[in-house]
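Read the figures in this text as sums done on the coordinates, not as results from a lab. Quick caveat: nothing in here was measured; it's all calculated off a predicted structure. Glycine gets a Cβ as well: all are built from the backbone with ideal geometry, and neighbour counts include every protein chain shown.
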């Protein structure tokens with residue numbers, strides 16, 4: 001079944017043999033960024049792609065994560081006394097590697113969704129990079145993905161309760 005926004009939804013409830021797993025709900029392919037990317041480029045990428053988190057890599061391995069909030073905090077205050085030229089010079093020198101969160105929490109594709117959700121709730125994070133055994137990003141699971149699981153499960157459970165048409 002395809003939902004209104006084009007995201008595929010499940011047609012069945014989870015069973016003991018098939019729990020909801022991160023690999024079935026994560027956003028993939030995942031956009032990544034390198035540590036030496038200027039902050040302005042990272043911000044533009046997030047705005048163009050309408051995303052709020054970017055896993056940061058070095059040599060294809062996850063080393064951090066940067067959020068839209070991190071990038072906003074790195075911008076200079078409007079009350080600064082620096083000239084526009086000085087601001088541009090400083091911003092050009094500021095890279096993602098200097099403001100990212102190092103060694104972020106991660107999950108694997110086979111992590112049950114409820115464990116990822118509990119971890120996000122307990123640690124107050126809005127998303128977790130999904131990595132393979134070599135610590136390469138293969139996806140990201142976010143609050144929005146968790147909401148999709150909830151809504152899909154809710155829709156399935158509601159459909160199961162309706163046994164006859166209401167006509």
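Here are a few things to note about the model shown:
- Computed extension length for residue 133-residue 110: 7.2 nm, one decimal, from 0.36 nm per residue of separation with the Cα-Cα distance subtracted.
- For the pair residue 19 and residue 40, a Förster radius of 41 Å applied to the C-beta separation gives a FRET efficiency near 0.45, rounded to the nearest 0.05.
- Highest mean first, the peptides 111-122, 129-140 sorted by other C-beta atoms within 10 Å per residue fall in the order 129-140, 111-122.
- Exposure proxy order (Cβ contacts within 10 Å, fewest to most) of 25, 154: 154, 25
- Sorted by Cβ density within 10 Å, fewest first, the residues 58, 73: 73, 58
- Gained length - residue 124 relative to residue 47, 0.36 nm times residue gap less alpha-carbon distance: 25.4 nm
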